[in-house]
Every structure is written in C-alpha cells, then in structure tokens.
Amino acid sequence: MDVTPIPGAALGAVVHGAHVTGDMDKTQFEEIWAALDAHLVLVFRGHRTPSYEEFLAFGRRFGYIPKTGLTSGAHPDHNEILIVSNLVEDGRKIGVGDAEWMGWHTDYSFRPRVSQVGFLEAVEVPSCGGETLFTDMYALYESLSPEERKRMHSYRVRHAMRTGYEETIEEKLQREVSLGGSGEQILPEDGTSTIHPLIARNPRTGRQSVYISTLNTERIVDLAPDDSRKLLDELLSHAGKPEHTYAHTWQPGDIVMWDQLGTVHAKQAFDPAELRVMRQVVSIFDDPTDPWHAEVAA
C-alpha cells in the first residue's frame, strides 16, 4: 500500500494498493489510521471494487456503522449504506440528494453519538461539477488566540437535522436528545437534534477542532441569538478558504475516507441532466462522550 500526499493540496493523500475489505491485515489497518490522522482525507484508487458487503465490512473496521434510520434512500438489504444520487426511475427517486449545492456539514452532528469517519464511493459521476470539498477545522481551532480558545471551550451548540430531510426519517426518531452528565446509554439512531460542546477533541491524536457547520448548526445556546449568529458566521467564514480546503474531483471507483470530527465537507452543484451516484457509510464513536474531553491548552 502506498500513501502519497496530494500535490499542492492543504490536506489529503491518495492511497494505492489497499485491500478494501473487512479482512485487511493489522498492518494495513494501522497504516490507514496513521495516514488518516496525518492527512484527514484519503482517496483510495487502484483497488478492486468492493461488493456492498465488503464496503460495509471495510467501514466497520474503523468503528460502529449505525443504520441510517431512513425508510427510503438506503440500500434495501443493508440499511447502513446510504445511496446518494439524483437518479429517478419510473418517477421514483433512488437514494437521497440532488444536483444542487450542499452546504458545509459533518455527518450525524445532530445525533448524540457523532460521526468518526466517513466513507464515500463514486459509482457514477458527472462530466463536470459535483466535487466534494473538505475544510480542516483543526486548523481553525489552532488559529485562535489562547483567549479565544478559552472562551470557545465554555460554549455549547445545538445541532439539528436540516428541514426537508426530516421527512424521510422514521417517526419514532423525531425527538430531541441531549448528552447530560448522566452517562446514560443512548441508541445511535436516537434524535434529530442534540447539544454538543463547541470544541471537539480527537481521542486518538488529541487535536481539537471547532465543531460547527452551516447545514446543521442552529445556534450557540450560551449566547443571545444575534451574538450566536455573529460568532458562527465569523467562525464558518473559515470553511472553503483555499489554504485549508481540498476539492476532490471524483473518478468512478474512487473511495474517499475522511476524519468527520476535524473536517467539514460540502458538495458542488452539477448539471441535473447528468447522474451522480455514490454509496456512503459512516462510523460513529462507541462512547458518545469520547469527542468531548477537550481542554484548553496550557
């Protein structure tokens, strides 16, 4: 297996020769983790296309993969696999998504057990457009002054599922949950709204990130609404800056793996007359409190 940093990119590396199945050996498994921690985004190429079962098993090596909770849009035999597409057959939409711009986000931030690693595979891609952008949110935290960091550590943020998407979620999941200090076990599929600290910490590396997005962050609950909006706008102006962003142009067969805690991602618009079909799985943290042991650096 060969890992090559992407020339001129702020983050990201291309991985050739990986065994993209659940039965990869321990050496490759550890090499992939190390590469992800170093580069935040990995682009797998030059591998045999995995079956749905192999794709899911590969993702499971890097954490628990929850069911999507979707009544439509997921693979019929593997609800953990989300089909992302603008494909319509016989008047019926296949998968979730469209050809429009999709704003900055990190998957499942509205759930108590947030996402750890994302995996997205390109099945069919448009001739232009449809790129996925990734911005480094560790870099945002590291750019803050000590005084700003201290203030940010005192804030909590409400995350909620975006309007419109909720219609495809099981009715039983339409409730809010929040991580208090009880340590009570919460099912991974629970809730479409929750509250998290503003600052997250990667439990493997210790790096800290600003955990917000344009798509799913509602407000900083410790601030007045206007003050919350002002600070969020200021922080989110970081997303998309070239010095902290990698734009991935898809090729059929690409599998992209990324650090969900330390990045936000977005999708560029494309011609709706063309098809963009992907399959995705997301791993979440086993312990819902793992990302929230952030401390202000001395």
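The values are calculated or read from the model by the stated rules, or taken from the named source; none is laboratory data. Remember, it's a predicted structure, so these values are computed and weren't measured experimentally. Note: ideal-geometry Cβ built from the backbone for every residue, glycine included; neighbour counts use all protein chains shown.
Here are some notes:
- Single unsatisfied condition, residue 160 versus (1) over 26 Å from residue 257 (Cβ atoms); (2) among the aliphatic types (A, V, I, L, M); (3) at pLDDT 95 or above: (3)
- Just one of the listed residues (145, 127) is of a type in the set (Gly, Ala, Ser), more than 26 Å from residue 193 (Cα to Cα) and without any contact (Cβ under 8 Å) to a residue 12 or more places away in the chain, namely 145.
- From the list 63, 59, 46, the one residue that fits, being more than 12 Å from residue 119 (Cβ to Cβ) and small (Gly, Ala, Ser), is 46.
- Within segment 276-297, the residues that satisfy the criterion of being touching a residue at least 24 places away in the same chain (Cβ under 8 Å), farther than 23 Å from residue 134 by Cβ and of a type outside the set (Gly, Ala, Ser) are 286, 288, 289, 293, 295, 296.
- Checked against the criterion of being at pLDDT 95 or above and either in a loop (DSSP other than H, G, I, E, B) or on the phi > 0 side of the Ramachandran plot (or both), the candidates 206, 181, 191 yield just one match: 206.
- Among the residues of segment 250-264, some residue qualifies, meaning at least one is assigned to a loop (DSSP other than H, G, I, E, B), in contact (Cβ under 8 Å) with a residue 40 or more places away in the chain, among the small types (Gly, Ala, Ser) and touching a strand residue (DSSP E or B) at 6+ places or on another chain (Cβ under 6 Å).
- For segment 212-225, the condition holds for at least one residue, the condition being that it is assigned to a strand (DSSP E or B), under 30 Å from residue 61 (Cα atoms) and not small (Gly, Ala, Ser).
- Positions within segment 75-94 being among the β-branched types (Val, Ile, Thr) and in a loop (DSSP other than H, G, I, E, B), in sequence order: 81
- Residue satisfying condition, being among the acidic types (Asp, Glu), surrounded by fewer than 15 Cβ atoms within 10 Å (Cβ to Cβ), closer than 26 Å to residue 6 by Cβ and at pLDDT 90 or above, within set 121, 142, 131, 147: 142
- In segment 254-270, the residues that are of a type in the set (S, T, N, Q), over 17 Å from residue 60 (Cβ atoms) and within 8 Å of the chain's Cα centre (by Cα): 263
- Qualifying position, being within 21 Å of residue 43 (Cα to Cα), surrounded by fewer than 21 Cβ atoms within 10 Å (Cβ to Cβ) and out of contact with any Cys (no Cβ under 6 Å at 6 or more places or on another chain), among 197, 225, 252, 272: 252
Here's the yes/no breakdown for (1) under 11 Å from residue 281 (Cα atoms); (2) free of Cβ contacts under 8 Å to residues at least 24 places away in the same chain; (3) not β-branched (Val, Ile, Thr):
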| position | (1), (2), (3) |
| --- | --- |
| 46 | no, no, yes |
| 51 | no, yes, yes |
| 58 | yes, no, yes |
| 73 | no, no, yes |
| 91 | no, yes, yes |
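- Restricting attention to segment 62-90, the residues being of a type in the set (D, E, K, R) and touching a strand residue (DSSP E or B) at 6+ places or on another chain (Cβ under 9 Å) number 2.
- Residue 59 fulfils the conditions (1) surrounded by fewer than 16 Cβ atoms within 10 Å (Cβ to Cβ); (2) assigned to a helix (DSSP H, G or I); (3) not polar (S, T, N, Q) except for a single criterion, (1).
- Tally, over segment 219-233, of residues that are touching a residue at least 24 places away in the same chain (Cβ under 8 Å) and small (Gly, Ala, Ser): 0
- If you go through segment 110-148 and keep only what is over 18 Å from residue 283 (Cα atoms), within 12 Å of the chain's Cα centre (by Cα) and aromatic (Phe, Trp, Tyr), you end up with nothing.
- Members of segment 23-67 found to be modelled with pLDDT of 95 or more, in contact with a Gly (Cβ under 9 Å, 6 or more places away or on another chain) and of a type in the set (Gly, Ala, Ser), listed by number: 57, 59
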